[in-house]
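Engineer: Dropping the structure in here first, questions after.
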Amino acid sequence: MQLWAAAELDGVGDAALVSALGVTRVRVPVLWQRVAPDGLFCPDWRDVDVRLDRLRALRLEPVVTLVQSGAVPAVDGRFAATLAELAVAVVERYPWVKCFTPVHAPVSLALERAGEAAQLRALCRFVEGTSLAMQAVRAVSPNARLVQTEDLRTSKLDVDDELGWLGLDLLTGRFERNAALQAARVRGSIAASQLEPFEELAYPPDVLLLDWALERDARRAGPLGALLHASRRYELPLALGGAPPPSFPARDEQLRWLDECVSAVREVGGIALTLSQVFGPHGAYDVRGEHPRKTALAHALGERRPAARSPALEAPCRWKRGQHSTRRRRSRPVLITGAPGSLARALAAACQERSLAWVATPRDELDVTDFAGIGQALERYEPWAVVNAAGFTRVDAAEVAPGRCHRENAMAPALLAMQCARVEVPLVTFSSDLVFDGDGGHSHVEGDAVDARSVYARTKVAGEQHVLRLHAGALVVRAGPLFGGPGERDFAARVSAALERGETFEAASDHLVSPAYAPDLTNAVLDLLFDRASGLWHLTNRGQLTVEELARALASRAGLAAGRVVGVPSARLHVARRPRSSVLASSRGDVLPSLSSALTRFSESWRERPLVVYSRRAA
């Protein structure tokens, strides 16, 4: 099975990244409306020259598309002939190009018009143009191939919807059997004379590429259902296209989607899987940071389906839950330390929501300062990842208990790193926004120098340094104040408890922070684990406000009296010194949603917070 891609390659680096995935073909728009908007007497090939030369240098074979949604010329009586002229111009200028898609997803394009008669008229012209264009191309380049696409993502189409297959039926000469077409003829939306040319225009594709998307698959037939239907209907070589559904953004769901697609293509003997989104939050490369970063999809694609060994596949796809599953039942868990703390509970809730096995260990089961005990826990649970949510979190108390704080925040992460590195298990541990002095008033990124001013902050810096030195695959997460997690020690819970008792709640009016919504933080951590991310990372919801403003915002969204939140100087509230600003930013990528979005979702979920029941065994 080959890997193809549909991507706008804007630079040499983009093409090289696509090639690194093992992609062999790339769909390239050489669009009529861009190349020759005023006619072929004055075409502009400059951008196309650059793109195609780039692909040729990397030995990536282009699949040239001439018309697609958003770039459709007038579909009049001259459309087919002019499209054929453009196709010939392309093959004469680039004789090494062998694969063409004259019109991408013709049914989807036709359905953009109003009225059934107009839609069918446009569809006939798209199919006629495709046939004439390929005949003209073959006259110049006999080995040219038609890769015909149809977009099953369009909301009006379904695997069992005859209209969705009408373009391919016209192109393959089997239109007389199309029930949607016959019904349209009865309604008078298309005349028999309009169909007569297609008895001679039939031009079966060399490859039929179906774009499938879960959110448009109302019958949940899945990619296999779409391919089986097409295989029985046309008996042509098949390829499958698509991208992970935006409704399931978690990396483990994306890996399950990939496994579903790869399995479907292989089961029908298909020739290729086409990734419709290479760059972006749901693609193979996340481009939200300074440099493109490989995601779990990139690792899976580049290593030829190592997803088969991924813990993501030990649970069924979310859209298949409740159906019979052949997944193996024994699952390696995520081992979470620090239960029943708020962060540990939030991590367990995220795993539970995503059907990932987890074990959350309290101190009496796993003392993270016990080197031998850590090793025994790793042998007992055989986790695929460890997330350290244990630690000394009382910043002011650390000033009078520096020894204990150092053991739990500096030495314990070091011991975990040594043991996890020994058995090659990824480790995540958490640091703090308080490691910066904040006197400059600007936000801090991962590469900024730290300047810890409190005992707590100094132990966090020491823990960071130990972990990064001892475990090359470890991920150290700095985050701001956490809110919206389960447990009475959560910041939102403390604000709520005080106000519900009719008390005031004092909060620092001079300490600027960038908070992290617990569900966003924990889901991002799990995604980064699947992405095999390592090193230092700042994770906060984009935005900043004082601690007082955060407390007021949470109170207001919880339906409580925000006026009883009282702002006071930080020095009146705390023994340990706080910086004026501990706002975090990231040069590696803003992977959490905005603070505004987080506060809105906090408001919606506050009254129905998840209850997580802990087990000493994997879920």
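The values are calculated or read from the model by the stated rules, or taken from the named source; none is laboratory data. What you see is a predicted model; the values in this text were computed from it and never measured. Note that we place each Cβ from the backbone using ideal geometry, even for glycine, and neighbour counts take in every protein chain shown. For accessibility, only protein heavy atoms count, side chains too; no ligands or nucleic acids. Shrake-Rupley method; radii C 1.70, N 1.55, O 1.52, S 1.80 Å.
To keep it simple, each residue is scored yes or no on (1) open to solvent by 40 Å² or more (accessible area, probe 1.4 Å); (2) under 31 Å from the mean Cα position of the chain (by Cα); (3) within 15 Å of Val477 (Cα to Cα); (4) charged (D, E, K, R).
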| position | (1), (2), (3), (4) |
| --- | --- |
| Val423 | yes, yes, no, no |
| Leu427 | no, yes, yes, no |
| Phe430 | no, yes, yes, no |
| Leu434 | no, yes, yes, no |
| Asp437 | no, no, no, yes |
| Gly440 | yes, no, no, no |
| Ser454 | no, no, no, no |
| Ala457 | no, no, yes, no |
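Engineer: Please give the number of the condition Gly241 fails out of (1) modelled with pLDDT of 90 or more; (2) part of a loop (DSSP other than H, G, I, E, B).
Structural biologist: Among (1) modelled with pLDDT of 90 or more; (2) part of a loop (DSSP other than H, G, I, E, B), the lone unmet condition for Gly241 is (2).
Engineer: Filter the stretch 265-299 down to residues that are closer than 15 Å to Ala533 by Cβ, of a type in the set (A, V, I, L, M, F, W, C) and open to solvent by less than 20 Å² (accessible area, probe 1.4 Å), then give me how many there are. I'd like the intermediate steps shown before the answer.
Structural biologist: Within the stretch 265-299, the subset closer than 15 Å to Ala533 by Cβ is 281, 284-299.
Subset that is of a type in the set (A, V, I, L, M, F, W, C): 284, 287, 296-298.
Checking which are open to solvent by less than 20 Å² (accessible area, probe 1.4 Å) leaves us with 284, 296-298.
So the count comes out to 4.
Engineer: Any chance the stretch 471-481 includes a residue that's in contact with a His (Cβ under 6 Å, 6 or more places away or on another chain), part of a strand (DSSP E or B) and open to solvent by less than 40 Å² (accessible area, probe 1.4 Å)?
Structural biologist: Initial filter on the stretch 471-481 (in contact with a His (Cβ under 6 Å, 6 or more places away or on another chain)): 478.
Next, only the ones that are part of a strand (DSSP E or B) stay: 478.
Now narrow it down to the ones that are open to solvent by less than 40 Å² (accessible area, probe 1.4 Å): 478.
Looking for residues that are in contact with a His (Cβ under 6 Å, 6 or more places away or on another chain), part of a strand (DSSP E or B) and open to solvent by less than 40 Å² (accessible area, probe 1.4 Å), one finds at least one in the stretch 471-481, hence yes.
Engineer: Can you give me the number of residues within the stretch 565-589 that are open to solvent by 50 Å² or more (accessible area, probe 1.4 Å) and touching a Gly at 6+ places or on another chain (Cβ under 8 Å)?
Structural biologist: 2
Engineer: So if I check each of Arg27, Arg56, which one is in contact (Cβ under 8 Å) with a residue 60 or more places away in the chain and of a type in the set (D, E, K, R)? Step through it out loud before you land on a result.
Structural biologist: Values: Arg56 fails: in contact (Cβ under 8 Å) with a residue 60 or more places away in the chain.
Just one listed residue meets the conditions, Arg27.
Engineer: Specify the residue that is nearest to Glu260 (Cα to Cα); the eligible residues are those in the stretch 327-384 that are in contact with a Pro (Cβ under 7 Å, 6 or more places away or on another chain) and open to solvent by 40 Å² or more (accessible area, probe 1.4 Å).
Structural biologist: Arg327
Engineer: Consider Ala20 carefully, then state whether it is of a type in the set (Gly, Ala, Ser) and either touching a strand residue (DSSP E or B) at 6+ places or on another chain (Cβ under 7 Å) or loosely packed, with under 14 Cβ neighbours inside 10 Å (or both).
Structural biologist: Working: of a type in the set (Gly, Ala, Ser): yes; either touching a strand residue (DSSP E or B) at 6+ places or on another chain (Cβ under 7 Å) or loosely packed, with under 14 Cβ neighbours inside 10 Å (or both): no.
No, not satisfied.
Engineer: Here's a follow-up. So Ser496 passes all but one of these: (1) surrounded by fewer than 24 Cβ atoms within 10 Å (Cβ to Cβ); (2) closer than 20 Å to Ala360 by Cβ; (3) of a type in the set (Ser, Thr, Tyr). Which condition number does it fail?
Structural biologist: (2)
Engineer: Collect the residues in the stretch 532-564 that are closer than 27 Å to Phe430 by Cα, open to solvent by less than 30 Å² (accessible area, probe 1.4 Å) and assigned to a helix (DSSP H, G or I), keeping them in residue-number order.
Structural biologist: Val547, Leu550, Ala551, Ala553, Leu554, Ala555
Engineer: Further question: Under 7 Å between Cβ atoms, at least 6 apart or on separate chains: pull out the pairs that start in the stretch 122-143 with a residue that is over 11 Å from Leu201 (Cα atoms) and end on any residue that is open to solvent by less than 10 Å² (accessible area, probe 1.4 Å) and in a loop (DSSP other than H, G, I, E, B).
Structural biologist: Listed pairs, sorted by first residue: Val137/Ala144; Arg138/Ala144.
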